[in-house]
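Here, each number is a calculation from the coordinates, and none is a lab measurement. Note that the structure is a prediction, hence the values are computed from the model and not measured. With ideal geometry, Cβ positions are generated from the backbone for all residues, glycine too; neighbour counts draw on all protein chains shown.
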Amino acid sequence: MDYEFSFNVVLQFLPYLLVGLRNTVLIGLIGILSATTFGVIVALARVSRFRPLSLSAAGYVAFIRATPLLVQIYFLFYGLPEFGILLPPFVVAVLALTLNSGAYAAEIIRAGIESIHKTQYEAADSLAMTYRQKMTYVILPQAFRKIFPPLVGQASYLVKDSALVSVMGTLDLTKSATTFQAITFRPLEAFLPTMGLYLFIILVLIYGSSFLDKRLRKW
């Protein structure tokens, strides 16, 4: 018997998919902002002249990059309660994505910092800037102009990787789709719209970031 795609089934469950879409966007936005912020902190630690701090940051980055995100999610969700730390699935989702994507963002940001010519540091020193002022007003703004495209790429990976948080029961877009399929036994109606919604999120992120990148280059 030939499979017939049913738009009526899609329309019936579309509100449920949109709830998952909302949660995926929320997780993605919070994750991108927190991962970027955490990435800056780790990158500054990586370039620090205080060797124990630099080695600790390098160890964290190496550990995160050498272990699967899914295993990290399982550890945070199932492992932390063994230490008496109970976190809601939404918080675990954001935390896992922040720690994972933050490590990759840190390496991108570190590369951007190290690409700034030493004359910029010397100019900041000549103005008697503190280390914090130097990084905030001189080095990081220039670095971010250079690394903006790869950071956007990392942000898109974060959004796609957020599908893994569905294993905790978090009602994201992927969880909505799998529940949809389990109820209806209609895989095409469940996953084709889901892929379309993920595509929509990524395209908005890419083209929105491209607009911001052009604005940054005019400054």
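Being in contact (Cβ under 8 Å) with a residue 12 or more places away in the chain, in a helix (DSSP H, G or I) and surrounded by fewer than 17 Cβ atoms within 10 Å (Cβ to Cβ) is the filter here, so list the residues in segment 104-136 that pass it.
If we filter segment 104-136 for residues that are in contact (Cβ under 8 Å) with a residue 12 or more places away in the chain, which is where we start, we get 104-116, 120-121, 123-124, 134-135.
Now narrow it down to the ones that are in a helix (DSSP H, G or I): 104-115, 120-121, 123-124, 134-135.
Listed by number, the residues that qualify are Ala111, Glu114, Ser115, Gln120, Tyr121, Ala123.
Name, by its number, the condition in (1) in a helix (DSSP H, G or I); (2) more than 25 Å from Ser166 (Cα to Cα); (3) not aliphatic (A, V, I, L, M) that does not hold for Ser48.
(1)
Which residue pairs have Cβ atoms closer than 7 Å, lie 6 or more positions apart in sequence or on different chains, and pair a first residue in segment 37-57 that is over 20 Å from Asn100 (Cα atoms) with a second residue that is of a type in the set (Ser, Thr, Tyr) and in a helix (DSSP H, G or I)?
Ser48/Ser54
Within the group Ile27, Ile64, Ile32, which residue is touching a helix residue (DSSP H, G or I) at 6+ places or on another chain (Cβ under 8 Å), part of a helix (DSSP H, G or I) and either among the charged types (D, E, K, R) or closer than 30 Å to Thr184 by Cα (or both)? Show your work before the answer.
Values: Ile64 fails: either among the charged types (D, E, K, R) or closer than 30 Å to Thr184 by Cα (or both); Ile32 fails: either among the charged types (D, E, K, R) or closer than 30 Å to Thr184 by Cα (or both).
Result of the check over Ile27, Ile64, Ile32: Ile27.
What are the residues in segment 161-180 that are surrounded by fewer than 22 Cβ atoms within 10 Å (Cβ to Cβ) and more than 16 Å from the chain's Cα centre (by Cα), if any?
Within segment 161-180, Val167, Met168, Gly169, Leu171, Thr174, Lys175, Thr178, Thr179 meet the criteria.
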